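Just below is one structure, and these are the notes that go with it.
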Amino acid sequence: MEKRLGAVRAIGTWALLFFATLIAYLPALRGGLLWDDDHHITTPDLQSLHGLWRIWFDPGATQQYYPLLHSAFWIEHRIWGDSVLGYHLANVLLHATAAFLLIAILRRLSLPGAWLAGFMFALHPICVEAVAWISEQKSTLSGVLYLCSALAWLHFDQTRSKRKYFLATGLFVLALLSKTVTATLPAALLVVLWWKRGRVDWRRDARPLLPWLALGACAGIFTAWMERTSIGAQGPDFALTLAARFLLAGRAICFYAGKLLWPAGLMFTYPRWTFDTREWWQYGFPALVVAVAIALALAARRHRGPLAGFLFFAGTLFPVLGFLNVYPFLFSFVADHFQYLACLGIIVPAACGLAMAARRVWPGPSPLPRICAAAALSAVLGVLTWRQSVMYRDAETLYRTTLARNPASWMARQNLCAMLLRRPGGLAEAIAQCEAALRIRPDYAEAHNNLGSAWAQMPDRLADAIAEFRAALAAKPEFAEAHFNLANALARIPGRQLEAIAQYGAALRIRPAYLEAHMNLGTVLSRMPGRMEDAIAEYREALRLDPNLAEAHNNLGSALAQLPGRLADAIAEYRAALEIDPQYAKAHNNLGSLLAEMPGRLPDAIGEYQAAVRANPAYADAHYNLGVALAKAGRTPEAIGEFETVLRLEPNSAKAHYNLGVLLSRTAGRLPEALAHFDAALRISPDPELRRMVDRLRAAQR
């Protein structure tokens, strides 16, 4: 009975914790994709069965080699597809579960204030970045596994059960496969064991953790290598001296503790610090850290808890204190999500201290005053988290809020520029944001690339676009997207197709699976004499990468249609495109054009053209082709209607004026209308033969 009541109480606590967390994060649940979230949701390897294999066995398949995390994203995509709500709910659920596990660990350690610590962790605004940002599911998932492993280890420490040991070890490995920062767990457990017993026994405590330390070291070295070689955490921005790294570590520890104790001015990207070992005041931060450590060490003779918390806090932060290069240091040396687990080193001692103080203030048998005080503190934190979550409701709000608090954030300006480029009417502000980013950081390749994309949308600024793409490549030669955009710009200029092909080739050398580059290269090749087979090869490679890309089937069909004896193959490709997307107007139109040239297939061609204009009523070419086919079929009134529709859509279509004139000239009483359309065709495209025909018709009319 008592066990059942305990289980009910545990479920009730978790439910309360989850709903409190859910309410605090409601603004973020409605949020969209942020920064690199699309890489974790829309990447083909996260959507295909083969991709699951690559997630585990090809370290380059994902941004970072965290295969368990990306397997979780792979599973989630199968559950809710591209719906971001599911991902946000998963993050909130994981965060609440981590808070509940924290309560379980603290209760097992017989620490006062366990529930308060759990609620403080669940509702503290410092965690918002890790929970509201889909990409940071690596923090919440690894946090759950980290705490599960710690709980299993505490069971092992008590029972010395091999089963518990292997369970704890397995959970630790899973945590490492979600995020490498969890490599600090064995050191954290040694701190906890020292806090419990006042010493660390080599045989009992340290030796069982040696395999963990080895695993953590290997994972850390591999991740550091990946950060440098694959992600880009190297170069002048990361070239800090050893002295500067110590200054950074001291300042970062002070910064994180300050934001945790007074969570004001939280932002997505903090100002990036500069370090000068000649400035005396910069030594104040590491000096303060050392002074606090000494004071806590002296106090540890009576109370080991504060020192244990400090060691946990600083030790868990170690991977991001500046001694190792991590890519986000390019933008800022600190980030809220870096202390997702480390914050427990301050939250837990604070909760314990508050709980003991509350017992002294309200020593009576009734826990109600203490519960009310804890609820009040949790409510305050929940309100702060709600307010911070609002910043994450969409990418634009996030970047604009960041710029309001940190105007020098060139990353936020560049990302805002990229968003505005995709928005109707956003071109002018996009250009302004990119130019502002480049004033702050002139060698920012991504901003040059986006500014080039902006200029490319303006017909008279194509030369400026090309210059910006070249500037992006000068700053970052292995920038596949800049090569791709430069190729697109060059392809628009007559006589520069060979240069465009070279740039597409460079993009594909850097990123062989660059689907859009294969498609556009195929299009350029298809327009060059003698290169149709090469174009076909590019379209086939695009289809190998994405067999369900209707556009690739359509383009392949158009290429095959231009080769002798390949009409059947071309038709098959058009039909494949329409099987994927039955409303693909262009494929209907292209299929109709092939069928119209085949004996006895004119009715089928008309059907395809009609399907094209149903799918896209503003598709002038399809209306024109339908008009021609209807005229061939003797359905003159319908053909006239189609040519009139073409002229409503494209008033300067000379061929539509001409064909409409021909049909009207053969219709009783409509010769004056026909002559008007012939005149319009001649104004648009003078033709001596048509002029003579019109003169003859006018003479006959008189």
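Read-outs: derived from the displayed coordinates by stated rules, not from any lab. Computed from a predicted model, the values in this text were never measured in an experiment. All Cβ positions, even for glycine, are placed from backbone atoms using ideal geometry, and neighbour counts span all protein chains on display.
Overview of values
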| item | result |
| --- | --- |
| Signed unit charges on C-beta, dipole axis of the chain, positive-most listed residue ASN488, ALA187, ALA699 | ALA187 |
| Sum of side-chain charges, ILE510 neighbourhood, beta-carbon under 12 Å (Lys, Arg +1; Asp, Glu -1) | +1 |
| Selection of trypsin sites (Lys or Arg not before Pro), region 158-215, meeting DSSP coil and at most 12 other Cβ within 10 Å | ARG160, ARG199 |
| Two-site label geometry, TRP280 and ALA376: point separation in nm, points 7 Å out along Cα→Cβ | 4.5 |
| Helix axis angle, 2-24 relative to the chain longest principal axis, alpha carbon, degrees | 50 |
| Förster radius 41 Å - calculated FRET efficiency between ALA699 and GLU597, Cβ distance, rounded to 0.05 | 0.70 |
| Cross-link pairs beyond the 26 Å C-alpha cut-off, checked among LYS586/LYS632; LYS138/LYS259; LYS179/LYS259; LYS632/LYS655; LYS162/LYS196; LYS138/LYS476 | LYS138/LYS476 |
| Equivalent-ellipsoid semi-axes of region 307-365, from the Cα gyration tensor, Å, largest first | 34, 11, 6 |
| Principal semi-axes in Å for region 409-472 [√(5λ), Cα gyration tensor, largest first] | 16, 15, 8 |
| Principal axes of region 127-183: Cα extent on each, largest first, Å | 39, 18, 13 |
| Within the chain, longest stretch clear of exposed GluC sites (Glu not before Pro) (DSSP loop, no more than 12 other Cβ within 10 Å) | 280-596 |
| Three-way shape label, region 599-702, alpha-carbon gyration tensor, a/c 1.5 | prolate |
| Cβ-based charge dipole, region 327-467, positive-most Cα from PHE333, THR385, ALA355 | ALA355 |
| Sparsely packed trypsin sites (Lys or Arg not before Pro) within region 401-436, loop by DSSP, other Cβ within 10 Å at most 13 | ARG422 |
| About the Cα centre, charge dipole magnitude for region 565-702 (Lys/Arg +1, Asp/Glu -1 at Cβ), debye | 640 |
| Length-normalised contact order of the chain in % [C-alpha pairs under 8 Å, at least 6 apart] | 9 |
| Net charge dipole size for the chain [Lys, Arg +1 and Asp, Glu -1 on Cβ; Debye, nearest 20] | 3140 |
| Gain in span if fully extended, ARG575 to VAL8, counting 0.36 nm per residue against the direct Cα distance | 198.2 nm |
| Charge-dipole axis of the chain as Lys and Arg at +1 and Asp and Glu at -1 on Cβ define it, positive-most pick from CYS372, ILE684, PRO59 | CYS372 |
| Distance (nanometres) between label positions extended 7 Å along Cα→Cβ at GLU429 and LYS162 | 6.5 |
| Zone of ARG683's modelled label, taken as backbone nitrogen in region 657-676 under 19 Å from a point 7 Å along Cα→Cβ | 657-662, 664-665, 671-676 |
| Correct option for Cα extents along the principal axes in Å [calculated from the coordinates] among [x] 118, 67, 45; [y] 79, 59, 49; [z] 80, 64, 55 | [x] |
| Cα coordinate range in region 478-546, projected on the principal axes (Å, largest first) | 29, 27, 14 |
| Cα shape, region 249-312, gyration tensor, a/c 1.5 rule | oblate |
| Dipole magnitude of region 1-391 about its Cα centre (Cβ charges: Lys, Arg +1; Asp, Glu -1), debye to nearest 20 | 2000 |
| Radius 10 Å from Cβ of LEU560, net charge of other residues (Lys, Arg +1; Asp, Glu -1) | -1 |
| For region 187-296, the Rg and Dmax computed from alpha carbons only, in angstrom | 18.1, 47 |
| For the chain, Cys with no neighbouring Cys Cβ under 4.7 Å | CYS127, CYS148, CYS218, CYS254, CYS343, CYS352, CYS372 |
| Paramagnetic reach from ALA264 in region 341-370 [backbone N under 16 Å; point 7 Å along Cα→Cβ] | none |
| Kirkwood Rh, Cα atoms: Rg over Rh of region 651-701 | 0.94 |
| Anisotropy class of region 366-482 from Cα gyration tensor, a/c 1.5 cut | prolate |
